[in-house]
Amino acid sequence: MDKNELTKKQEELKQLLFESNDKEFYKKYNKKERRKRPIFTNIMLSLMLVLTLIFSCFLIFDSTDRINETYEIINALLIILIAVSFVITFPKNRKQKSGSTIVTSMLIIFTIIFNTFYLLDMIKLPTQKHLPDFYNKNLTEVIKWTERNNINHKETFEYSDNVKKYNVISQTKKPKTLLKNIKEVEFTISNGPDYSKEVIIPDMTGWTTDEVLKFVDKNYLNNVQINFEENKEIKNNLIIKQSTTGKAKRNDSIIFTASLGDKEALSPINLKELKNIKLLNAEVYLGKNGIQYELKYEFSDKIPRGRIIKTEPIKGTKIKPDEKVILTVSKGKEITVPNLKNKTLSEVTNWITQNNLEIEYADKYDNDIKKGLVINTNYNIGDIIEEGTKVIVTFSKGKLVMSKFQDLNSFKTWAEAYGIKYEIKEEFNDEIAIDDIIKFSINENETINPENTIIAYISKGKAIKVPDFIGKTKNEIQKECNSLGLTCTYNYTKSDKTEGTAINQSIPKGTEISKKQIITIEIASKKTTNKNSNNTNNNVPNTNPNTNPNTNQCNGEVYTVKGLNTVFNECSSFNDCKTKVQNYFKANYKGVNVYIKDDGGSSGLSSGSFVSGTGNGSTVECGKTYTITLAK
C-alpha cells in the first residue's frame, strides 16, 4: 500500500470515528461489501406475491358461496402471510434472513396443522346455512327444517317400492346449496308401493306355497288368497291351480289352490308361534296342516296392521287336523283424533306419519286463525280411526284481505272461489273508461268480513244527454249519434208524419245515458193503400210484433256491440247467460244471429263468464251469425 492509499484510509477511519453522521458514512462505507439480489429473483418474487394476492382475494370472494366460508378465508390469509414472509427471506443481510426464515417456517407448520385439525373434525368453524340432503328422510323432518329456516316448500307424492312411505325420494335443489340462494324447494315424497301397478304373474303351478309367498312379498301383491283342497295324487303344499296369469294389478284378487295331499295322512302338530307374522303366512301354515281357523280383529299399539297378535289356543298346544284355531289380527293402533286446531304443519304431519294415516291438505282464509295453522279436519276430536284413514286437514291462509283487480271478471272469479258476496253498481264517470272498475266498497289490503257484501262500482263512462231526434231525418240523426258516440238503430213505422223523419225514440230527450246504451229511433214510412197492402215494400222491414226481428229483411245495417258486459254481469249460470245474450241481440241488433257455445270447462272461469268471440266493441252486420263462447 503506497502513501496516498494509506492517507485515504486514515481519512475514512477518522470520519467513521468522529463524524456526527456516522450511520450515513457506514452505509456508504459498507455499500461495496453488501451482496446484491439478482434481478431475476426480484422479478419472480414480485410475480409470486402478485399472484398470491390475486388468488387469495379470489378465495375470499368465492367463499361467500361456500358452506365453509370461514375456513376458506383463514386459509387465504395464511397464504398471503406465507408469501410475504417468503419474499422477506431474501434480505440484505444474513441476520434478517435467519429471522424471516423462522417466521415463514412457523407459518407453514401452522397452516398444515390447522388444515389437518379441520379435516379431521378436531376443530369446528362456523359455516353458512345450507340445504341438507333429505334423501330417505321423513317428511316431518323436512317440514320442521323448512319452518325453522323460513323456506317455502312444496310436496308432491310419488309411489316408490324402494323408499319408505312419507320419506323423501328427491329434492329440486342440490344438497349444500346456500339458503340465501333458495326461494323454494319442492320435495318428492314416497307414497309407498303403487298397488295399482301392473305386474306379470307367472304360471306358478307346481310351486310350493313358500315360493308363492316370497313372490307375493317381492312384488307387493296385497290381495292374495291361498286355499287348500285334498288331492291324493299331488304332494301336499304344491300349487294345483291359480285364478290369474299374465298382466295383473298388484291389488287384483288372485286365488291360488294348493294341494292338501291325502287328508287322512295328516298328523297333529304342536302349534308354533304365530305372533307378529303376516296373516297370509299364518293362514298358509294352518291350511297346509288341515287346521281350520277363525279371524278376530283388534287394535294394537305394538303389532303392525295385518299381523297376528295372538292365537287361541296358545303356541305349543297340540292341534289335530280339522280343529279350529282363533287368530286375532291387528288393526294397527287405535287412533284417537286429537284437537288439531291451531297446530302447525309440522305437528300435524308428525301425527299423520307416526300413525300411518293418509293426508290431504286444503287451505282457506280465516280471520281468526293465524296463517299456517290448522282450522279444522274432516274428523271430530275424540273420533276413533284406523291406520290408512284419509284425514283432510284445512290450514289457514290468514286473514282474507282485499286484493287488487284489473277487471271485473277477475274480481268475480276470485270472489266466487272464496264464497264472497258481491254486488255490481254502475256509475257515470268522466275519467274511467266504460266497464272499467271505479272502486270497491272496501280498500285494497283491508281485511274482509265474510258476512259482508263487497260492492264493485263500474264505470258507465261519461254521461251523455240524449238529443231530441223527433222530426229529424235518418241522416241527420246518424250524424248526431256519431258525433256523440252513440249507437242508434232504426225501425220503420207506417205513419201520416213526414216520410223519412223520426216520430219516436226509445229513450226520452235529456236522459243521461252511457255510450254502451242503444237508442232505437222510429222512422215514418209512407202509408200504403188497401190496394197494395198485400205487397211487400223492400225498403220497409216487416214490423209484425209476432215476427222474430232476426228474420226481418236487412238493409245493410252495421252495428258496434256495446253494453254486453252489463248482460254478463247479470248472469248466474251458462244457460241463464245464453238466454240473456240471445235476447239482448234479438232486441238490439236487427237481423244479427248469435250462436252460444260453452268452453267445456277449460277456461276455469265461473259459469256464464265471457271467454271469447263477439263482445263489446265488436262490429256485427245484419243477416250474419256470430259465435260467443261462455264458461261452462
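The values are calculated or read from the model by the stated rules, or taken from the named source; none is laboratory data. Predicted, not measured: the structure shown is a model, and the values here were computed from it. Methodologically, a virtual Cβ is constructed for each residue, glycine included, from the backbone with ideal geometry; neighbour enumeration extends over all protein chains shown. Keep in mind that these areas ignore ligands, DNA and RNA; they rest on the heavy atoms of the full protein, side chains included. Shrake-Rupley method; radii C 1.70, N 1.55, O 1.52, S 1.80 Å.
Matching residues to (1) in a loop (DSSP other than H, G, I, E, B); (2) open to solvent by 50 Å² or more (accessible area, probe 1.4 Å); (3) closer than 21 Å to D435 by Cα; (4) not acidic (D, E):
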| residue | (1), (2), (3), (4) |
| --- | --- |
| K562 | yes, no, yes, yes |
| N575 | no, yes, no, yes |
| K580 | no, yes, yes, yes |
| F585 | no, no, yes, yes |
*How many of the residues in the range 439-467 are outside any strand (DSSP E or B) and of a type outside the set (A, V, I, L, M)?*
13
*If you take the residues in the range 489-516 that are modelled with pLDDT of 90 or more and hydrophobic (A, V, I, L, M, F, W, C), which one is surrounded by the most Cβ atoms within 10 Å (Cβ to Cβ)?*
A502
*Quick one: which of G601, G615 is small (G, A, S), at pLDDT below 80, part of a loop (DSSP other than H, G, I, E, B) and surrounded by fewer than 16 Cβ atoms within 10 Å (Cβ to Cβ)?*
G601
*Here is a list of conditions, (1) loosely packed, with under 13 Cβ neighbours inside 10 Å; (2) among the aliphatic types (A, V, I, L, M); (3) in contact with a Lys or Arg (Cβ under 6 Å, 6 or more places away or on another chain), and M122 meets all of them except one; can you say which number that is?*
(3)
*Which one is farthest from K324 (Cα to Cα), of the residues in the range 258-273 that are more than 60 Å from the chain's Cα centre (by Cα) and assigned to a loop (DSSP other than H, G, I, E, B)?*
D262
_Lone qualifier among S46, S85 - being surrounded by fewer than 13 Cβ atoms within 10 Å (Cβ to Cβ) and at pLDDT 65 or above_ = S46
*Have a look at S300, S259 and point out the one that is hydroxyl-bearing (S, T, Y), out of contact with any Leu (no Cβ under 8 Å at 6 or more places or on another chain) and buried (at least 18 other Cβ atoms within 10 Å of the Cβ).*
S300
*asked:* Just checking, does the range 277-285 include any residue being in a loop (DSSP other than H, G, I, E, B) and at pLDDT 95 or above?
replied: yes
*Residues of the range 478-494 that turn out to be more than 52 Å from the chain's Cα centre (by Cα), within 21 Å of G617 (Cα to Cα) and of a type outside the set (S, T, Y), as a count*: 4
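In the range 353-384, what residues are of a type in the set (A, V, I, L, M, F, W, C) and over 21 Å from N152 (Cα atoms)? Outline the logic, then answer.
Here is the first cut: in the range 353-384, the ones of a type in the set (A, V, I, L, M, F, W, C) are 357, 359, 362, 369, 373-375, 381, 384.
If the condition is that a residue be of a type in the set (A, V, I, L, M, F, W, C) and over 21 Å from N152 (Cα atoms), then L357, I381, I384 are the ones that fit.
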*asked:* For the list (1) open to solvent by less than 50 Å² (accessible area, probe 1.4 Å); (2) more than 30 Å from N380 (Cβ to Cβ), I need the number of the one condition that K320 fails.
replied: (1)
*For the range 129-161, how many residues meet the condition of being closer than 19 Å to I352 by Cβ, assigned to a loop (DSSP other than H, G, I, E, B) and open to solvent by 60 Å² or more (accessible area, probe 1.4 Å)?*
3
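Only one of these is over 30 Å from I384 (Cα atoms) and in contact with a strand residue (DSSP E or B) (Cβ under 7 Å, 6 or more places away or on another chain): G261, G316, G306. Name it. Working first, answer last.
Working: G261 fails: in contact with a strand residue (DSSP E or B) (Cβ under 7 Å, 6 or more places away or on another chain); G306 fails: over 30 Å from I384 (Cα atoms).
Of G261, G316, G306, the one residue that is over 30 Å from I384 (Cα atoms) and in contact with a strand residue (DSSP E or B) (Cβ under 7 Å, 6 or more places away or on another chain) is G316.
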*Hey, among the residues in the range 588-629 that are among the charged types (D, E, K, R) and under 38 Å from the mean Cα position of the chain (by Cα), which one's farthest from N491 (Cα to Cα)?*
D599
*Within the range 162-177, can you find the residues that are outside any strand (DSSP E or B) and within 30 Å of V212 (Cα to Cα)?*
N162, V163, K164, K165, Y166
_Going by what's in this entry, would K472 be described as of a type in the set (D, E, K, R) and over 55 Å from the mean Cα position of the chain (by Cα)?_
yes
*Out of (1) touching a helix residue (DSSP H, G or I) at 6+ places or on another chain (Cβ under 8 Å); (2) at pLDDT 85 or above, what's the single condition that is false for V163?*
(1)
*Only one of N191, N181, N167, N219 that is of a type outside the set (V, I, T), within 21 Å of L279 (Cβ to Cβ) and touching a residue at least 24 places away in the same chain (Cβ under 8 Å)*: N219
